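**Student:** Got a structure for you, questions after.
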Amino acid sequence: MKQIKKLARRGMARTLALLTAIFFGVAVVFGLIMLGEGVKQALLMAVTMIVMFGFILLIFVLIGSVPYLRVGKMVKRQCEDLGIELNEEEDFEFVTKEISMSKNWIVSGLYGSNFALHRRSIDHVEETSYYQKGRTYPMILLFVGPKKKYKIICSRKGDFERITDALDQWFPPIDTPAAAEDQAGEKAYDPAEEDRQARRDRILRQEQGQNGKKTIAAILGVVGMVVVFSVIYNLLPARTSAPKTTPNIVGQSSKPKSKDRQVDAYIATINDDQFQQIAQGLIVETDGDVDQLSWFVASEEEDQTSFVIYNDTPYFFYGEAVIRDAEGKKLGTVEIPLAKPYDYCLAIGTVGPGADGYEYTTMEFYSLSYAAASVRYQYTNDGDETSSWIDILLASEDLSEDNVEEICMAEYYSNVLSQIASEELMFFDENDLKYVNDDENEGLDRTSAKYRAVLDIDRGVIEWYSINNGTETALSSLTMK
């Protein structure tokens, strides 16, 4: 038990140690800066910042301790349910910095997401993706019993592959005839395994992690805010105040518009004040990958070919492309007008018959300063024979009116830029999903959604509803214009 608990607290210990080092270093640096104002003033600044940092550190300790303290009970309960004794000499291997595995146990030491599961407690494993606005991460779900599941979000590049390779040593279990067959090299060709590998390859291509720096970035963000507040509070000779106002989205742009942006010519052609205002928030991004854009023929009628592009990146994409035939002859040029992240976009323009390839002449990626949500959620296109909508999955603890409203507004701004006139959003609890006819292949049951929203761009209104057992209750409409 001690060994497992020690592994489970690795992430928390690493996070708290990093926090302490950063807090102490910042306090010392600003104390030295303030020496010019006198020793007394420097000591006062240092003490003030240490008190602030100590309070923040205490919050991190309390948040990280809750899941960690449950690990011991979790291990004990599994041993009782499975009728096994815990081997204190279990040989663990570090699969990633946070995930450790032995012959029988998998332990997560990730800060705020600690767990320890015995191999026999896991009913099955699923490989999927976890989407937060602007990022897609590979995710592994470990299902325990009919309702419980544990997430392993692989935000660091390569972790997904390492963990799935390790889990492949467990499933099928090592003591089954199927495993013996594997060891003897007699396993027959399995189409399901080929599909599974294709799915895994697709998930790996979606990997948009931040190279293991998310926690550091969050910590530095908190520290930065505290430092700025402390410096302003202590250094300003006078205190000023101003009435609080609701900011106009025109003034929220993080970067000035660059004169050489090709997208500006396209923006100038849109005669819509709402579009023009929101377009001020476009921020140039340099790490977009055009290989993640997929082209499809939308229609071929009367010798005219039109195209649809799927943008599988976290950024808006603006571009122009020359379409060529099989012999390389130019058939025409089409424009991709600010394709929305993880969505389809109809290209502007058509070409004659025989399209066989394309070549970009303009490639530009942008993020939108207003379209960022503070919570993670999964975003999936859905529909039936008569209509289409978006399924949005949120964790139970994040499924609140405030978060739903925030996501609706972020999606609204994105739709304005991508010229999507109307869109319906269905919000589901990702821990309590129900499917049509209890068949996952038939899609989510809309009556099990918790909220529904209609984004009406032409009217400038978001109409949204809470849903309880299939019964909708209208909430106050949000006026966006």
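**Student:** How many residues does the range 312-346 contain that are of a type in the set (Gly, Ala, Ser) and open to solvent by less than 10 Å² (accessible area, probe 1.4 Å)?
**Tutor:** 3
**Student:** Picking from Ile278, Ile267, Ile309, which residue would you name as being open to solvent by less than 60 Å² (accessible area, probe 1.4 Å), in contact with a strand residue (DSSP E or B) (Cβ under 9 Å, 6 or more places away or on another chain) and either of a type in the set (D, E, K, R) or in a strand (DSSP E or B) (or both)? Can you show your working first?
**Tutor:** Working: Ile278 fails: either of a type in the set (D, E, K, R) or in a strand (DSSP E or B) (or both); Ile267 fails: either of a type in the set (D, E, K, R) or in a strand (DSSP E or B) (or both).
Unique residue meeting the criteria: Ile309.
**Student:** Looking at Ile283, Ile323, which is the one that is of a type in the set (A, V, I, L, M, F, W, C) and within 20 Å of the chain's Cα centre (by Cα)?
**Tutor:** Ile283
**Student:** Mind listing whichever residues of the range 285-306 are among the β-branched types (Val, Ile, Thr) and open to solvent by less than 60 Å² (accessible area, probe 1.4 Å)?
**Tutor:** Listed by number, the residues that qualify are Val290, Thr305.
**Student:** When both residues are 6+ apart or on different chains and their Cβ atoms are under 9 Å apart, which pairs have a first residue that lies in the range 1-24 and is farther than 11 Å from Tyr111 by Cβ, and a second that is assigned to a helix (DSSP H, G or I) and modelled with pLDDT under 70?
**Tutor:** Lys5/Tyr68; Ile22/Ile216; Ile22/Ile219; Ile22/Leu220; Ile22/Val223; Phe23/Val223; Phe23/Val226
**Student:** Could you check the range 358-391 and list, in sequence order, the residues that are modelled with pLDDT of 90 or more and over 23 Å from the mean Cα position of the chain (by Cα)?
**Tutor:** If the condition is that a residue be modelled with pLDDT of 90 or more and over 23 Å from the mean Cα position of the chain (by Cα), then Tyr358, Glu359, Tyr360, Thr361, Thr362, Met363 are the ones that fit.
**Student:** While we're on this one: Taking only pairs six or more apart or across chains, which ones have beta-carbon atoms under 7 Å, a first residue in the range 333-359 that is assigned by the TED database to the domain that holds Asn381 and aromatic (Phe, Trp, Tyr), and a second residue that is buried (at least 16 other Cβ atoms within 10 Å of the Cβ) and part of a loop (DSSP other than H, G, I, E, B)?
**Tutor:** Final answer for the pair search is Tyr342/Asp312.
**Student:** Same structure, new question: Would you mind telling me which numbered condition in (1) surrounded by 14 or more Cβ atoms within 10 Å (Cβ to Cβ); (2) free of Cβ contacts under 8 Å to residues at least 24 places away in the same chain Asn437 fails?
**Tutor:** Every condition holds for Asn437 apart from (1).
**Student:** Within the range 386-431, can you find the residues that are in a helix (DSSP H, G or I) and either without any contact (Cβ under 8 Å) to a residue 24 or more places away in the chain or open to solvent by 40 Å² or more (accessible area, probe 1.4 Å) (or both)?
**Tutor:** Those that are in a helix (DSSP H, G or I) and either without any contact (Cβ under 8 Å) to a residue 24 or more places away in the chain or open to solvent by 40 Å² or more (accessible area, probe 1.4 Å) (or both): Ser396, Glu397, Asp398, Glu401, Asp402, Glu405, Glu406, Met409.
**Student:** Now for a separate question. Those residues that are under 23 Å from Ile420 (Cα atoms) and open to solvent by 20 Å² or more (accessible area, probe 1.4 Å), I need them from the range 347-356; list them, please.
**Tutor:** Taking the range 347-356 and keeping what is under 23 Å from Ile420 (Cα atoms), we get 347-350.
Of everything in the range 347-356, those that are under 23 Å from Ile420 (Cα atoms) and open to solvent by 20 Å² or more (accessible area, probe 1.4 Å) turn out to be Ile348, Gly349, Thr350.
The values are calculated or read from the model by the stated rules, or taken from the named source; none is laboratory data. Fair warning: this is a prediction, and the values are worked out from it, not measured in the lab. Positions of Cβ are backbone-derived with ideal geometry, glycine not excepted, and every protein chain shown enters the neighbour counts. Each accessible area value is taken on the protein alone, full model and side chains, heavy atoms only, with ligands, DNA and RNA left out. Shrake-Rupley method; radii C 1.70, N 1.55, O 1.52, S 1.80 Å.
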